[in-house]
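Notes follow once the structure below has been shown.
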Amino acid sequence: MLLVLSSLMMLPPVAIGLIYQDGDIVPFLEGFAVLALLGLILSIAFRKTHAELRLRSGFLVVGAAWIIVGLAGAIPLYLSDHLNLSLIDAIFESVSGLTTTGATIMTDIDSLPHSILFYRQQIQWIGGMGIIVLAVAVLPMLRIGGMQIFRAETPGPMKDQKLTPRITETAKTLWYIYLGITVICALAYFMAGMNLFDAVGHAFSTVAIGGFSTHDASLGYYNNSLIESIAIIFMMIAGINFASHFLAWKNATIRNYLVDTEFKVYMGFMFFASVFVSLLLYVNNTYDSLYESIRHGIFHAISVSTTTGFTTDGFYQWPGALPLILIILATVGGCAGSTAGGIKVIRIILLYKLSLRELYRLIHPNGKYLVKINGKTVNYRVLDSVSAFFVQFLFLVVVFTILLASFGQDLTTAFSASIACLTNMGPALGEAGPHFANLSEGTKWVLSVAMIFGRLELFTLFVMLIPAYWEY
């Protein structure tokens, strides 16, 4: 059924190709036929097979689903004569889109047919919706992921409750909210000066926090401060927990935002990052005026901190430590239950409180110190989970950096590309600054795996690497 559903992704680009009459609809028709036929054959072959889905199976289903859809999404890109991509390039672009990473191997985007341009934006939007459902409805059932932490620590109506009684209803509710924010974002872009095609395409990647653009220069193509302001607003909205959006809409109040520790820290972090980056740009005379420094500083701080990856300028060429600072900002990411990547703000809060607790214990060894969020004590198992996640994240950064260096990448490229893909941020430094096209094939395979690891919050794939998982 997943293959059949994936085949439906191929139809909207066909319609776009027919509307604009600029070619390249055949690869999408071929992709649709291959996926639909294979999906139907498998469905018929196993129609009499019924098995109860156990908790352990859930990890395999979730992990395999993202790998299968990532491979399926590469089919039209690989078959396109216009692109002439290698197999790994097609898979890399597809996985990057569906995981909303936004790292691209495309180099002449402005000349691409509308069908391919729309497809790139569309897969990010579909991936973003999958991430929301995964984070809010599925991963908590497997007792992993950011939302599991969020539910454990949030008082009031969110405590140990689903948004709606059934997972299907939860998914539907989130879909309506996601669609609504996307429509409003597209209208805002259109009214600010984008044509309808670009407005819809950029709304897709903004709300999904993906970062793909229909132009090589990303949002810098427009050189429009109003468009950049709209992008900033909607990137920040998409980086907030979608469960909070649901409660705000349902109760017609913003109170749940104001009492939520994660939201307040998230907004504070965005403000601090914006001021800090703008100040460094001004001090380093990167731009001619204070206004330009603030404009580019705020935009890139928000874009990178939310792991969106839109750019208005090549920040990888900025002076001093600024490029490295931006890459490190991406490790924080957005809130749990959002389309953003990164470690997530709630985990950063808990890691900070854990470190403080240990310092207090050094001063008063016999003292009792509890870690609290929103006035509620955090369960020790949640704290263990956060600590394990952080260790695994650092471990993967080291492993992927070493692997990339082994494939011939310089250390700047290896380190920044590893973080950019593991946090699902996209743009990196060094050779991967402008795009990822010139990286070696081995590097692209490694980074494709890194993007999936990051999107599935590490644990989903890690647990399947343990021999005990396969023992029945």
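The values are calculated or read from the model by the stated rules, or taken from the named source; none is laboratory data. None of these values were measured; they are calculated from a predicted model. So basically every Cβ, Gly included, is an ideal-geometry build from the backbone, and we count neighbours across all protein chains shown.
Observations
- The condition (being hydrophobic (A, V, I, L, M, F, W, C), under 23 Å from residue 427 (Cβ atoms), touching a Gly at 6+ places or on another chain (Cβ under 7 Å) and in contact (Cβ under 8 Å) with a residue 40 or more places away in the chain) is satisfied by just one residue among 212, 234: 212.
- Highlighted here are the helices (runs of 4 or more DSSP H) found entirely within segment 146-252 that include at least 3 residues which are modelled with pLDDT of 90 or more and surrounded by 22 or more Cβ atoms within 10 Å (Cβ to Cβ): 167-192, 196-207, 225-238.
- If you check 38, 77 for being modelled with pLDDT of 90 or more and closer than 18 Å to residue 120 by Cβ, only one passes: 77.
- Taking the numbered list (1) in contact with a strand residue (DSSP E or B) (Cβ under 6 Å, 6 or more places away or on another chain); (2) loosely packed, with under 14 Cβ neighbours inside 10 Å in turn, residue 271 passes all entries but (1).
- Taken as a whole, segment 42-49 holds at least one residue that is among the small types (Gly, Ala, Ser) and either part of a helix (DSSP H, G or I) or farther than 17 Å from residue 121 by Cβ (or both).
- Being under 21 Å from residue 205 (Cα atoms) and in contact with a Cys (Cβ under 9 Å, 6 or more places away or on another chain) holds for only one residue in 233, 327, 298, and it is 233.
Yes/no per residue for (1) under 16 Å from the mean Cα position of the chain (by Cα); (2) closer than 30 Å to residue 379 by Cα; (3) not small (Gly, Ala, Ser):
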| position | (1), (2), (3) |
| --- | --- |
| 315 | no, no, yes |
| 318 | no, no, yes |
| 325 | no, no, yes |
| 339 | yes, yes, yes |
| 342 | yes, yes, no |
| 352 | no, yes, yes |
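- Qualifying positions in segment 2-60 - without any contact (Cβ under 8 Å) to a residue 60 or more places away in the chain, farther than 20 Å from residue 77 by Cα and either among the basic types (Lys, Arg) or in contact with a Gly (Cβ under 7 Å, 6 or more places away or on another chain) (or both): 47, 48, 54
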